[in-house]
Amino acid sequence: MTVVVVTGGTRGIGQGLVRAFLDQGASVAYCGRTIPPDGPAEALAVAADVTDRADVRKLWDATVDKFGKVDVWVNNAGISNSRRPLWDLPPAEIDAVVGLNLRGTLHASAVVLEAMLAQGHGALWNMEGLGSNGQIVPGLTPYGATKRALTYATLAMAKELKDTPVKVGLLSPGMVVTDLLIQDYDPAELEKAKKIFNILADRVETVTPWLAAKVLAGTRNGGRVAWLTGPKAAYRFATAGFRKRDLFGDA
């Protein structure tokens, strides 16, 4: 049985991935800085801060103690910043976004890749987001910068892992309706944004089973699995007038 670890698995896409991996027959461990009491009983939940290497190792060790190995690790934990110009953001908020999304993922990846090389196999997946492909959205400078950097870092890791039994890949979920997507809009801005979201976005329960299946199927070292591809986005815009979608239940 495949053993999967998902960081940031207590909400949003991470929570959806935990449930999707379980539904598809995997053994699953997940973490959050705090663990809510209503998580799936069949998964292993570990309170851990992925910016702390000792906590990452604790999560790895707890998973191995319970399931005997780690086959797949998904670095999903991440946060966004308030939608404001860079100079209006508090320094602590910039530090938090960069600290979790980039610094935390790099430290977690270092711990996990070393452990996977020691066990002789494994696949690490890093989560892309807005900015990964060079798209620029004003007001999301720290978040976009971390995701752009993380794509580079993952591809660099793939080169470092050449000719080893360990692989890294990129997961691109596209636009998914979570708190991360809709946070910090005022009501008028959100109504405008919903017009785009209803064309391009999807619900967690739509995207995560597909992503989980692709992860379990595997990919080449340095590969990328993307839900919302360029052609798919173009098709959705072209057919938007004929496809009425309401992801928010308020149409």
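Every read-out reported here was derived from the displayed coordinates using simple, explicitly stated rules and does not represent laboratory data. Every value quoted in this text rests on a predicted model; they were computed, and no experiment measured them. Positions of Cβ are generated from backbone atoms using ideal geometry, with glycine treated the same way; all protein chains shown enter the neighbour counts.
Once the Cβ-Cβ distance between Leu117 and Leu155 is put in as r, and R0 is 30 Å, what FRET efficiency do you end up with, to the nearest 0.05?
0.95
Subtracting the Cα-Cα distance of Phe242 and Ala110 from 0.36 nm times their residue separation leaves 42.8 nm of extension gain. Averaged over residues, the count of other Cβ atoms within 10 Å places the peptides 121-127, 172-178 in the sequence 121-127, 172-178, highest first. Note on the chain: with charges restricted to the Cβ of Lys and Arg (+1) and Asp and Glu (-1), its dipole about the Cα centre is near 840 debye. The chain gives an Rg/Rh value of 0.96, both radii derived from C-alpha positions and Rh following Kirkwood. Under 5 Å between amide hydrogens, built in the peptide plane, is the criterion, and for Arg224 it picks out Leu170 among residues at least 5 positions away or on other chains. In the chain, the longest principal axis of the Cα atoms and the axis of helix 141-160 are about 40 degrees apart.
Pairs exceeding 24 Å between alpha-carbon atoms, taken from Lys167/Lys214; Lys147/Lys244; Lys69/Lys162; Lys58/Lys167; Lys66/Lys147; Lys58/Lys162: Lys147/Lys244; Lys66/Lys147; Lys58/Lys162.
Counting other Cβ atoms within 10 Å, keep those with at most 14, restrict to DSSP loop, and tell me which trypsin sites (Lys or Arg not before Pro) in the range 133-181 are left.
Filter output for the range 133-181: Lys162.
Tell me, in nm to one decimal, what length is gained between Ala41 and Lys232 on full extension, where the rule is 0.36 nm per residue of separation less the Cα-Cα distance?
Contour length minus Cα-Cα distance gives 65.1 nm.
Averaging the sequence gap over all C-alpha pairs within less than 8 Å and six or more residues apart, then dividing by the number of residues, gives the chain a relative contact order of 18 percent. Counting only alpha carbon atoms, the long axis of helix 12-23 and the longest principal axis of the chain meet at about 50°.
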